[in-house]
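The values are calculated or read from the model by the stated rules, or taken from the named source; none is laboratory data. Worth saying up front: this structure is predicted, and the values here are computed from it rather than measured. Every residue, glycine as well, gets a Cβ built from its backbone with ideal geometry; the counts of neighbours run over all protein chains shown.
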């Protein structure tokens, strides 16, 4: 079936004029397409591949730059966070250091092992399964100092 380009009416082929509007039905001559040589086609394909590769690399590099930028920003934020926390940790360390010095100087542990010895916290000879905690002066009156961790208390006891 043919169709009139003017009124869009469909009708059987073989007519030179549209039966509805009278428009001449002449087929437009087809121009031959110019043929490319194989070398020109190969060159265009090669250029397309190279262009696609360059575009792909550019996109990859841009993505990597964005990732590196984000990572750097995160590291800067982390550094700021840790610098803020550093002062807090330093104050806590100072407080714990003072407590440790107090406990090491004044606190003694008497284990329930019938050894008759008292120890400083952390002594390798102290049985920590069951124990009593005393101040140093009370421990001196109740038991003997451990020779490993409390040797300096023996001088106080004897002096």
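For a quick check of your reading of the model, give me the residue pairs whose first member lies in segment 24-50 and is on the phi > 0 side of the Ramachandran plot and surrounded by 10 or more Cβ atoms within 10 Å (Cβ to Cβ), whose second is at pLDDT 85 or above and not in a loop (DSSP other than H, G, I, E, B), with beta-carbon atoms closer than 8 Å and at least 6 apart or on different chains.
So the pair list comes out empty.
Taking the criterion of being more than 40 Å from the chain's Cα centre (by Cα) and outside any loop (DSSP other than H, G, I, E, B), would at least one residue in segment 58-69 satisfy it?
No, the conditions are met nowhere in segment 58-69.
Report every pair of residues separated by at least 6 positions or lying on different chains whose Cβ atoms are under 6 Å apart, first residue within segment 134-156 and under 17 Å from residue 124 (Cβ atoms), second modelled with pLDDT under 90 and outside any strand (DSSP E or B).
From residues that are under 17 Å from residue 124 (Cβ atoms), the pairs are 145/153; 145/154.
So which pairs qualify, if the first residue must be in segment 1-12 and on the phi > 0 side of the Ramachandran plot and without any contact (Cβ under 8 Å) to a residue 12 or more places away in the chain, the second must be exposed (fewer than 10 other Cβ atoms within 10 Å of the Cβ) and in a loop (DSSP other than H, G, I, E, B), the Cβ gap must be under 6 Å, and the two must be at least 6 apart or on different chains?
Every condition considered, no pair remains.
Please go through (1) over 30 Å from residue 137 (Cα atoms); (2) out of contact with any strand residue (DSSP E or B) (no Cβ under 8 Å at 6 or more places or on another chain); (3) surrounded by 10 or more Cβ atoms within 10 Å (Cβ to Cβ) for residue 11 and return the number of the only condition it doesn't satisfy.
Every condition holds for residue 11 apart from (2).
Considering only residues that are modelled with pLDDT of 80 or more and part of a loop (DSSP other than H, G, I, E, B), which ones fall in segment 17-41?
18, 19, 20, 21, 22, 23, 37
Here is a yes/no grid of residues against (1) at pLDDT 90 or above; (2) surrounded by 10 or more Cβ atoms within 10 Å (Cβ to Cβ); (3) part of a loop (DSSP other than H, G, I, E, B):
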| residue | (1), (2), (3) |
| --- | --- |
| 79 | no, yes, no |
| 82 | no, yes, no |
| 97 | yes, yes, no |
| 100 | yes, yes, no |
| 109 | yes, yes, no |
| 118 | yes, yes, no |
| 124 | yes, no, yes |
| 129 | yes, no, yes |
| 149 | yes, yes, yes |
